[in-house]
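I have placed the structure first, in the form of structure tokens, so that the comments after it can refer back to it.
Coordinate-derived values only; no laboratory data. Values in this document were obtained by computation on a predicted structure and should not be read as measured data. Cβ atoms come from the backbone with ideal geometry, glycine included; neighbour counts cover every protein chain shown.
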Amino acid sequence: MITVIASVLSLSAVATVHQSWRSRTLALFVVGLLLWLISGVVFSFAQGWEFGVLITLCLPGILVWPFVLANQIVLPKPKNSPEPRALDFSRANVLQNGATYTVVLFAFFIIALFITLGISALTPFSTAGKVGIGIILLPVLWGLFVYHYLATSSKIKILAAYSVIAGLCLPILVLFPL
Amino acid sequence: MNKQTKQNALNAHTWVGVFLSVLLFLVCLSGTIAVFHLEFERWEQPHIEEMENVTPLAIEKAMNTFLAQNTEETNHLYVVFPTSDIPRLVVENDHSAFFADKQGNLIEKESVSFTEMLVDLHLYLNLPHSWGMILVSALGAIICTLVVTGIVAHKRITKDAFKLRRGGNGQQAQIDLHNRFGLWAAPFHFIIGVTGAYFGLASVILVVVATLNYDGDREAVINQIFTPDPVLEPQSGKPEIGKAFAQLATLAPEKSPIFLTVHEVGKPEQFIEIYAKAPNRMIYAEGYRFDTSGEFIGVAGYEYGEWGKQLAWSMYRLHFGDFAGLASKWFYFILGVMLTMLCVSGMEIWLSKKAHPPLATRLWYSVVWGSVSALAMTAVVDMFYAGSLVVIFWSLMVFNTVVTVFLHRLSKALWLMLSGLSVLLLLIAYIGVNGASSFTISSLQLNVPMLVYVVWSLRRGAVLLSRESNDLSAKSATKFSSAAVSE
């Protein structure tokens, strides 16, 4: 029953945010956010705080769809359809993409691993806590490094800078064992 | 945020999304289906007796019979209780598993090869486990990249928050679907990315920490994160699993026993551990430990242990949505479908920006809908063949690719219909093989959703097919009239 109440609150939160979006009203948006937070408290009360937080974060991803479908419009058919563009399979392009794969999947894996462990080693927790921090931090850092690398034009510089930071983490790991 | 930052984020998003699309799609699709991996195990042998609970006597009897029939050396013995997510009694060692009935009589050998292949595809992409695990974990990190870059790159994140523009040439609808899935379900995608990375990367962290700080002793690191084995007087004799199980009702009446393990079978360090699910807790289970004579020693301490230990022990339920029975699994399944659709729509946007290069477009559809078809056909083959399903699945994928290269008519509509027909064939074969058992709960809970998929894919395929033929006739009419004008 409490879960149902929390679900209704979550739905009301999405409906309120949707209404605020339609009417461009900030106050309604804040009310929507408050309702969402309250739904989180009620979910936590019903399912425990861990599941409460999880459901509160993820449920709007499903509940939003009736509102999205209510806003759908149909566009007219275009008069012209463009000719397909050929894909670039030139040797330079293939080599460049191959190199990017290697950097993204292997080089940044090693770099992110050592930086993560370096940061974890400096945290004031026990081994289990440090490893816990590492578990969360590693994919996030790896993902962010990949973003930085792909978004920048000076790729070699970025790769070198992160490699140096990862290298500096090695003595940290030796001096401050996990 | 300035335009350049958004454009840079979009460039990063596009590269990662396009160049890792096939791997991301296969991991997301298999993961979405694997949310129901325990249900698939039941589905593979639907005639097995199911029960709500079991007596300690029945457990003892089942294990004794199993040990009498399976005398090979083993390090572990297991009993899976019907109070786990599979309402069946299973006794097993490191080599084989047998179902038992409510009285403890062995029924038949457990055979879940399709589920094993599906889970292996999700966890390792069917590659050698060490490499596969790292590659799949890398995709977890890549999902984190995609979430961040997707949000940064979105130029009209608030303006379009609830918009869906269908029609036109279909490109705007794909963009809107992609952005709505991406924005609203971002927390889920992030959780799946981080927890997905854990399964492979934890072992790498372990190796590095062991090498740098523990002279290569991995066991020492594991003991810091998970609870070490208890130190006992040298044990001998048959483990009293029934006696241990009987005590759980008083030790933890609020918890549901999942399974029991006898560790270090036949060795002086032998002990019994029963894993029981704690209500409203994310941790996989609390471990209740007993010596060989069934005397309670203590708990493993996951429920109220250190937060780092609890975190590591929570990853399974957080990743697979296995915490509130079918309700949480359906919740994860729907969000998983959205994540899979995110991969599909992302690639379709890229293809439509290239005005759909014919071969690349056909190949993408063969991966997307062809993999659904290949999975269904693999399950069909599994009913009549005992060999490697990994070989079957990947042979079908290669076959799909080759056929797609040569058959120019294999459009999205046809692939969609083929996937629906493959699932229909699976259902027919399943009913043919399992007879009346095809209509038990363990079958219907998957067969009904599969039937819904068949109906949807055939209807949707028919709509797309008629659209394609309309477009084709409109194109040829335009060609004809422009030729007439030029004459």
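Points worth noting:
- Relative contact order (%) - the range B:225-278, alpha-carbon pairs under 8 angstrom, separation at least six: 39
- Taking every alpha-carbon pair within the range A:96-175, the share separated by more than 19 Å comes to 37 percent.
- Shielding by partners - mean other protein chain Cβ count within 10 Å, residues of B:149-157: 1
- Comparing A:Leu144, A:Leu159, A:Leu35 in a Gaussian network model of chain A (Cα springs below 10 Å), the most mobile by mean-square fluctuation is A:Leu35.
- For the range B:177-221 versus the range B:149-165, the gap between their alpha-carbon centres in whole angstrom: 28
- For the range B:118-177, the fraction of alpha-carbon pairs in successive 5 Å shells from zero, as %: 4, 16, 14, 14, 12, 11, 13, 11, 4, 0
- Kirkwood Rh (inverse of mean 1/r, distinct Cα pairs), chain A, angstrom: 21.1
- Within 10 Å of each Cβ in A:146-158, the average number of Cβ atoms from other chains: 4
- Across peptide B:1-9, the average count of Cβ atoms from other chains found within 10 Å of a residue's Cβ is 1.
- Cross-link pairs exceeding 26 Å in C-alpha to C-alpha distance, out of B:Lys102/B:Lys238; B:Lys163/B:Lys329; B:Lys61/B:Lys255; B:Lys3/B:Lys163, comprise B:Lys163/B:Lys329.
- Relative contact order [Cα under 8 Å, 6+ residues apart], the range A:96-175, whole percent: 44
- Taking amide H atoms as placed 1.01 Å from N in the peptide plane, the amide H of A:Leu75 lies under 5 Å from those of B:Arg166, B:Gly167, B:Gly168, each 5 or more residues away in sequence or on another chain.
- Here the contact order of chain B, divided by its residue count and restricted to Cα pairs under 8 Å and six or more residues apart, works out to 16 percent.
- Summarising the label geometry, the points placed 7 Å from Cα in the beta-carbon direction at B:Ser293 and B:Ser96 lie 3.4 nm from one another.
- Reciprocal of mean inverse Cα separation for the range B:165-234 (Kirkwood radius, Å): 16.2
- Computed over the range B:192-328, the ratio Rg/Rh where both radii use C-alpha atoms and Rh is Kirkwood: 1.00
- The modelled label-to-label distance between B:Asp471 and A:Phe176, using points 7 Å beyond Cα along the C-beta direction, is 5.7 nm.
- Quick note on the range B:1-98: its Rg to Rh ratio, both from C-alpha atoms and Rh being the Kirkwood radius, is 1.33.
- P(r), alpha carbons of chain B - 10 Å bins starting at zero, rounded %: 4, 16, 25, 24, 16, 9, 4, 1, 1, 0, 0
- Protection proxy ranking of B:189-197, A:53-61, B:142-150 - average other beta-carbon atoms within 10 Å, highest first: B:142-150, B:189-197, A:53-61
- A straight line joining the Cα centroids of the range A:1-56 and the range B:281-317 runs 33 Å.
- Once the Cα gyration tensor of the range B:357-487 is diagonalised, semi-axes √(5λ) in Å: 37, 18, 9
- Contour excess over end-to-end distance, with Cα ends at B:Ile441 and B:Arg218 and 0.36 nm allotted per residue: 75.9 nm
- Between the range B:250-264 and the range A:96-115, the C-alpha centres lie 43 angstrom from each other.
- Inter-label distance, nm, simple model (7 Å from Cα along the C-beta direction), B:Trp330/A:Ile136: 3.2
- Once the Cα gyration tensor of the range B:1-43 is diagonalised, semi-axes √(5λ) in Å: 36, 11, 4
- With R₀ set to 30 Å, the beta-carbon distance separating B:His408 from B:Arg460 gives a calculated FRET efficiency near 0.90.
- Packing-based exposure ordering (other Cβ within 10 Å, fewest first) of A:Trp142, B:Trp330, B:Trp456: B:Trp456, B:Trp330, A:Trp142
- Kirkwood Rh, angstrom, the protein assembly as shown [1 / mean 1/r, Cα pairs]: 27.5
- Evaluated over the range A:2-70, the Cα radius of gyration and Dmax, each in Å: 11.8, 36
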